[in-house]
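The structure appears below as structure tokens.
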Amino acid sequence: MQVIKTVPALRQALQQARQAGQAVGFVPTMGCLHAGHLALVQQARQENACVVVSIFVNPTQFGPQEDFAKYPRTFEDDCVQCQAAGAAIVFAPTTEDFYAPQSSTWVEETFVTQGLCGTFRPGHFRGVTTVVAMLFNVVQPDAAYFGRKDLQQLGAIKRMVRDLHFPVKIVAHDTVREANGVAMSSRNRYLSPTEFQQATAIPAALQAAQQAVQHGEREATKVQQLALARLQQEPALQLQYCEVIDADTLRPVTTITPGHTAVAIACYLGKTRLIDNCLL
């Protein structure tokens with residue numbers, strides 16, 4: 001596996017891969033890899049001869065009061081895991097190399113990024129779509145792999161690819177969970193053992209919503225109330241939102257259409273922000 005830190009070197013390596021007739025799969029990450037990331041790498045390797053994993057903590061998607069400086073960085077361990085999962089290249093540029101001096105160009109999706117996390121993290125998705133567009137431009141993958149846990153991010157990237165005609169297939173992978181049901185996240189390491197157990201209220205709330213729909217409930221407000229009731233059983237959770245939404249537009253719905261409606265939750269547990277969702 002190669003570790004490449006500059007754009008020209010990456011392009012040269014990928015040119016050689018393409019000349020050898022290899023399809024390129026791409027997994028963009030901010031590092032601190034867990035089993036959810038590795039599932040993406042493994043799927044990419046099953047479907048492409050050459051897999052590129054980017055490890056880049058992107059400053060433009062963090063707000064002024066967010067955790068950019070303390071975001072966990074575990075680069076050496078990440079590289080070991082990438083190699084074991086089948087990556088051919090780890091692309092790890094510095095901020096100074098990747099963003100031009102006085103960079104002033106942005107890529108912004110303006111529909112699915114409204115509401116939900118967009119309300120609480122202004123500017124976040126503009127940073128996400130900009131850096132992913134930059135990475136797509138550099139890697140030029142045949143397919144790129146994302147987890148469904150970040151549902152709004154996934155929606156924004158799908159829209160960007162559609163609207164700007166990026167020649168890349170977006171592949172979504174189901175959320176990978178801890179043994180206790182909590183969605184895997186690099187930020188889980190911020191949680192104390194007590195908080196990690198308290199976080200199980202989030203998947204429990206999603207399960208309550210699922211069960212209601214499986215038993216025939218189609219009124220979104222009632223399903224939302226059931227999820228909220230389960231969340232409220234854990235007083236340590238500081239809820240930001242619990243919404244029943246269209247799985248594609250991410251807009252609130254009044255009537256549930258199984259397979260096309262989702263529940264999305266965001267909350268704080270101590271100082272750690274957690275998000276999760278499920279398709280109903």
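Restricting attention to segment 14-51, the residues that are buried (at least 17 other Cβ atoms within 10 Å of the Cβ) and over 17 Å from the mean Cα position of the chain (by Cα) add up to 7. Scan segment 185-197 and give yes if some residue there is surrounded by fewer than 19 Cβ atoms within 10 Å (Cβ to Cβ), touching an Asp or Glu at 6+ places or on another chain (Cβ under 9 Å) and more than 23 Å from GLU234 (Cα to Cα), otherwise no. No, every residue in segment 185-197 fails to be surrounded by fewer than 19 Cβ atoms within 10 Å (Cβ to Cβ), touching an Asp or Glu at 6+ places or on another chain (Cβ under 9 Å) and more than 23 Å from GLU234 (Cα to Cα). Per the listing GLU243, GLU195, the residue uniquely touching a residue at least 12 places away in the same chain (Cβ under 8 Å), more than 30 Å from ARG73 (Cβ to Cβ) and in contact with a Leu (Cβ under 9 Å, 6 or more places away or on another chain) is GLU243. Taking the conditions (1) assigned to a loop (DSSP other than H, G, I, E, B); (2) in contact with a strand residue (DSSP E or B) (Cβ under 9 Å, 6 or more places away or on another chain); (3) among the acidic types (Asp, Glu) in turn, GLU217 satisfies each one other than (2).
Condition test on LEU228, is it outside the structural domain of THR110 (by TED's automatic domain parsing), more than 21 Å from GLY155 (Cβ to Cβ), in contact with a strand residue (DSSP E or B) (Cβ under 7 Å, 6 or more places away or on another chain) and outside any strand (DSSP E or B)? Yes; evaluated as a whole, the condition is true for this residue. When segment 1-35 is examined, which residues are found to be among the hydrophobic types (A, V, I, L, M, F, W, C) and either in a helix (DSSP H, G or I) or farther than 14 Å from ALA88 by Cβ (or both)? Passing the criteria: VAL7, ALA9, LEU10, ALA13, LEU14, ALA17, MET30, CYS32, LEU33, ALA35. Output yes when any residue across segment 262-278 is among the β-branched types (Val, Ile, Thr), part of a helix (DSSP H, G or I) and out of contact with any His (no Cβ under 8 Å at 6 or more places or on another chain), and no when none is. No: segment 262-278 contains no residue that is among the β-branched types (Val, Ile, Thr), part of a helix (DSSP H, G or I) and out of contact with any His (no Cβ under 8 Å at 6 or more places or on another chain).
Return the only residue of VAL138, VAL171, VAL176 being hydrophobic (A, V, I, L, M, F, W, C), surrounded by fewer than 21 Cβ atoms within 10 Å (Cβ to Cβ) and under 23 Å from CYS267 (Cβ atoms). Don't jump to the end; show me each part of the working.
Values: VAL138 fails: under 23 Å from CYS267 (Cβ atoms); VAL171 fails: under 23 Å from CYS267 (Cβ atoms).
The unique qualifying residue is VAL176.
Determine whether LEU38 is part of a helix (DSSP H, G or I), touching a helix residue (DSSP H, G or I) at 6+ places or on another chain (Cβ under 8 Å), more than 21 Å from ALA172 (Cα to Cα) and not assigned by TED's automatic domain parsing to the domain that holds TYR268. So LEU38 fails the test.
Only helices (runs of 4 or more DSSP H) wholly contained in segment 66-180 count here; list those with 2 or more residues that are under 16 Å from the mean Cα position of the chain (by Cα). Full working, then the answer.
Working: elements: 75-85, 95-98, 117-120, 124-139, 151-164.
So the answer is 117-120, 124-139, 151-164.
When the residues of segment 85-115 are filtered to those that are without any contact (Cβ under 8 Å) to a residue 40 or more places away in the chain and of a type in the set (A, V, I, L, M, F, W, C), the one that is surrounded by the most Cβ atoms within 10 Å (Cβ to Cβ) is TRP106.
Only one of the numbered conditions (1) surrounded by 15 or more Cβ atoms within 10 Å (Cβ to Cβ); (2) under 24 Å from the mean Cα position of the chain (by Cα) is not met by GLU234, and that is (2).
When the criteria are applied in full, ALA212 meets the requirement of being crowded, with 18+ Cβ neighbours inside 10 Å, over 22 Å from CYS117 (Cβ atoms) and outside the structural domain of ASP150 (by TED's automatic domain parsing).
The values are calculated or read from the model by the stated rules, or taken from the named source; none is laboratory data. For clarity, every value in this text was computed on a predicted model and none was experimentally measured. Methodologically, a virtual Cβ is constructed for each residue, glycine included, from the backbone with ideal geometry; neighbour enumeration extends over all protein chains shown.
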